[in-house]
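Okay, structure first, notes after.
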């Protein structure tokens with residue numbers, strides 16, 4: 001089939017997605033694929049939620065679009081209300097966009113404008129972590145620490161500092177506890193702030209649970225509380241990127257709830273719209289909003305489709321489903337059972353080094369040698385081959401290479417819909433096993 005679509009790659013031909021059925025995508029030939037990664041941790045309600053579809057249709061019958069330079073809309077107002085009702089303490093305002101990269105861009109620009117508004121114009125530096133991913137637009141890409149994604153665009157990127165991630169499997173020393181390790185790597189933030197000069201730093205940005213680039217890497221106990229302390233002591237903003245790990249994916253609506261901290265700015269997307277509409281959001285503290293309101297009264301930013309009525313109507317229905325149907329409890333229950341099954345089947349596999357994550361956000365890291373944790377040679381293309389073999393078996397998963405440093409290492413991310421049933425856990429693991437046997 002010839003195509004004029006400029007896709008993600010110029011080689012190969014993709015099947016045509018024809019329709020959805022719960023956790024499954026069905027192609028034009030009738031083949032069923034279990035969506036074991038929710039695309040990219042997006043489709044938290046599966047692919048045929050009637051309530052969300054009806055919410056979109058109902059809003060379309062009223063009004064599809066009204067520019068936010070002139071109007072607000074009922075679904076946007078109600079969605080913002082419910083998000084703030086359930087947000088970490090201190091977050092009071094919601095700025096709607098169309099996706100994760102836009103949300104990160106908005107967060108960074110708001111952080112800069114905030115310090116201008118309160119009379120600290122020298123603050124312009126952002127600190128992030130190595131092997132992080134915050135989006136593909138230039139500001140978000142600059143914040144990210146994945147060298148493979150950054151390399152060819154480096155001349156276009158603003159300078160950003162990157163400290164060590166909290167990556168216990170690879171980096172904790174044998175003579176330190178998990179807590180001690182977390183404090184050590186968190187203190188790198190303090191050191192970097194002092195190196196740059198605290199008066200020049202505006203924000204630290206991180207994913208509470210690292211997603212695409214490292215494979216569901218959770219922090220150790222106490223890490224983020226120390227990060228919060230350092231930010232407060234130096235007067236810098238804490239931006240938490242929950243684009244992939246938020247909106248219930250880890251078992252709480254916001255992933256940072258489990259670390260008992262609140263950010264100054266949070267960014268969400270993916271599960272916020274569950275794939276039914278493109279939407280993202282940036283949530284900020286009341287203090288940040290009031291600084292703008294008391295100053296220029298205008299955030300110098302904006303997009304045509306921000307606060308789109310159809311998108312916010314869909315998202316309002318998605319959020320209602322997550323909160324009102326007991327789906328967070330299902331994420332925790334099925335997440336425990338999926339992890340237990342993964343550990344039962346693959347826990348002693350010679351090429352599975354680590355199984356990790358929270359809720360229905362789980363990762364497996366692959367190694368050539370379990371004892372030394374040596375990764376496979378990148379020429380083996382382990383992640384790409386696993387993706388291919390799993391897809392052939394009827395399983396969509398999210399493998400990636402470059403886990404360790406952007407070049408070495410392989411992992412797989414699993415992020416199935418929150419509606420996954422117990423019997424489907426066996427299907428996921430069975431199809432993974434088929435793929436593993438074809439690759440290793």
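Observations
- Cα gyration tensor, segment 53-324 - rounded (a/c under 1.5), prolate or oblate: prolate
- Working from label points 7 Å from Cα in the Cα-to-Cβ sense, the residue 72 to residue 120 distance is 2.9 nm.
- Helical content alone sets the calculated 222 nm signal of the chain at -11500 deg cm²/dmol, taking -39,500 (n - 2.57) per DSSP H segment of four or more residues and averaging over every residue.
- By the beta-carbon count within 10 Å of each Cβ, the least crowded to most crowded order of 162, 67, 134, 303, fewest first, is 67, 303, 162, 134.
- Here is the tail figure for segment 110-161: Cα pairs spaced more than 13 Å apart come to 58 percent of all pairs.
- FRET E, pair residue 148, residue 179, Förster distance 30 Å, beta-carbon r, rounded to 0.05: 0.40
- Solvent-free Debye calculation, one equal scatterer per alpha-carbon of segment 183-235: log10 I(q)/I(0) at 0.21, 0.25 Å⁻¹ equals -0.80, -1.00.
- Residue-span extension gain [residue 8 to residue 26] - 0.36 nm each, minus C-alpha spacing: 4.4 nm
- For segment 366-440 versus segment 150-210, the gap between their alpha-carbon centres in whole angstrom: 27
- Tensor-based shape of segment 48-112 (alpha-carbon gyration tensor, a/c under 1.5 rounded, otherwise prolate or oblate): prolate
- Peptide packing: for 177-187, 214-224, the average count of neighbouring Cβ atoms within 10 Å per residue gives the ranking 214-224, 177-187, highest mean first.
- For segment 392-440: rounded, prolate or oblate by the Cα gyration tensor [a/c cutoff 1.5]: oblate
- FRET efficiency for residue 86 and residue 379, using Cβ-Cβ distance with R0 set to 56 Å, rounded to 0.05: 0.75
- For segment 21-175, the normalised intensity computed at q = 0.10, 0.12, 0.16 Å⁻¹ comes to -0.62, -0.87, -1.23 (log10 of I(q)/I(0), Debye sum over alpha carbons, equal scatterers, no solvent).
Bear in mind these aren't lab numbers, they're just calculated from the coordinates by the rules spelled out. The structure displayed is predicted, hence computed values, not measured ones. Glycine gets a Cβ as well: all are built from the backbone with ideal geometry, and neighbour counts include every protein chain shown.
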